[in-house]
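Notes follow once the structure below has been shown.
The values are calculated or read from the model by the stated rules, or taken from the named source; none is laboratory data. The model shown is predicted, which means the values in this text are computed figures rather than measured ones. Note that we place each Cβ from the backbone using ideal geometry, even for glycine, and neighbour counts take in every protein chain shown.
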Amino acid sequence: MDTNKQITEEINKLREEIRLLSEKKESDQGAGMIALIKYVTEERERTEKLLMTMAEKIRRMESRQQLGVQEHVPVQDNAKGKNFEEIALSDTDRRIIDFVQTKGMACADDIKGIMGYKRRNAACTRLKKLCDDGLLQRFQLGHKVYYRFDAGKATNTLIISPPQ
């Protein structure tokens, strides 16, 4: 990272200035300046550590996202010559898909009720994931967001769920 190298070089320059100023100590004003420069240097070090931590977290998130993209594997059905996209579903996701298919459409509050979640956040997250996978279609009616099973997209999808 060029930014980290630049920050480190700048910190080293400031440390050298502090060392030179501390050797002079000509007046009280100089001592105040030394304290200020020392504070700025320490603050930059803390900022550098924070930035490095954030950069590492972003790298980890990107690697997880790349792994998530690779979960969808195209599969060919030799009998019909069609290509399918294979999506592995958990038992919970399968239950949500079944409910949405049966009811026709569902919102996060409906899923919260049938799954026994305490809050809507978990239901919203699962519905959004299923929508991103192409299994559900998202639309908004008034202030609520509803999801319905998208049979058109699901015909190219081979859904794998655990045994029941």
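One residue stands out in the range 119-153 among those that are surrounded by 17 or more Cβ atoms within 10 Å (Cβ to Cβ) and assigned to a loop (DSSP other than H, G, I, E, B): the one that is modelled with the lowest pLDDT, namely Asp150.
Looking at the range 42-58, which of the residues that are more than 19 Å from the chain's Cα centre (by Cα) and charged (D, E, K, R) is nearest to Thr3 (Cα to Cα)? Looking at residues that are more than 19 Å from the chain's Cα centre (by Cα) and charged (D, E, K, R), I get Glu48.
Okay, residues lined up against (1) closer than 20 Å to Cys131 by Cα; (2) at pLDDT below 80:
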{"site": "Gln6", "(1), (2)": "no, yes"}
{"site": "Ile11", "(1), (2)": "no, no"}
{"site": "Val73", "(1), (2)": "yes, yes"}
{"site": "Asp77", "(1), (2)": "no, yes"}
{"site": "Val100", "(1), (2)": "yes, no"}
